[in-house]
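Comments concern the structure below.
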Amino acid sequence: MKKKPIVMPNFVNQAQEADWWAGREGREFVKQKAAGTGKKGGAPRGSRLVGQLNKVASVQIALRLPEPDLARARELATRKGIGYQTLLKMLVHEGLRREARRP
């Protein structure tokens, strides 16, 4: 049975929008958009990065960062044209790979 598409509601404020995106419906909305329209034989929709992230299972964690570090990450991510969380994941991945090569 085909799932009914999730429609993004109109939000009263940013807090309400943030709660929706962090909730089950927001995550399902992103999954539906990343999966595409479901046409058989068609290429999946979304960026190449979304495709790569969907191949590897992720675990959600809470991480506390100093505010200046987070501000810097957001600034760098904006300059690169990517999300700050994506930038942080890339930096963690790069740092872990570098540490693994150390004797």
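The values are calculated or read from the model by the stated rules, or taken from the named source; none is laboratory data. Bear in mind that the values here come from a model prediction, so they are computed numbers and not experimental data. All Cβ positions, glycine included, derive from the backbone under ideal geometry; neighbour counts span all protein chains shown.
Note on the stretch 80-100: among residues that are over 19 Å from A22 (Cβ atoms) and in a loop (DSSP other than H, G, I, E, B), the one that is nearest to the chain's Cα centre (by Cα) is I82.
For the residues A73, A77, A34, A43, the requirement of being at pLDDT below 75 and part of a helix (DSSP H, G or I) singles out A34. Taking the criterion of being outside any loop (DSSP other than H, G, I, E, B) and either within 20 Å of H93 (Cβ to Cβ) or modelled with pLDDT under 95 (or both), the residues of the stretch 46-70 that qualify are R48, L49, V50, G51, Q52, L53, N54, K55, D69, L70.
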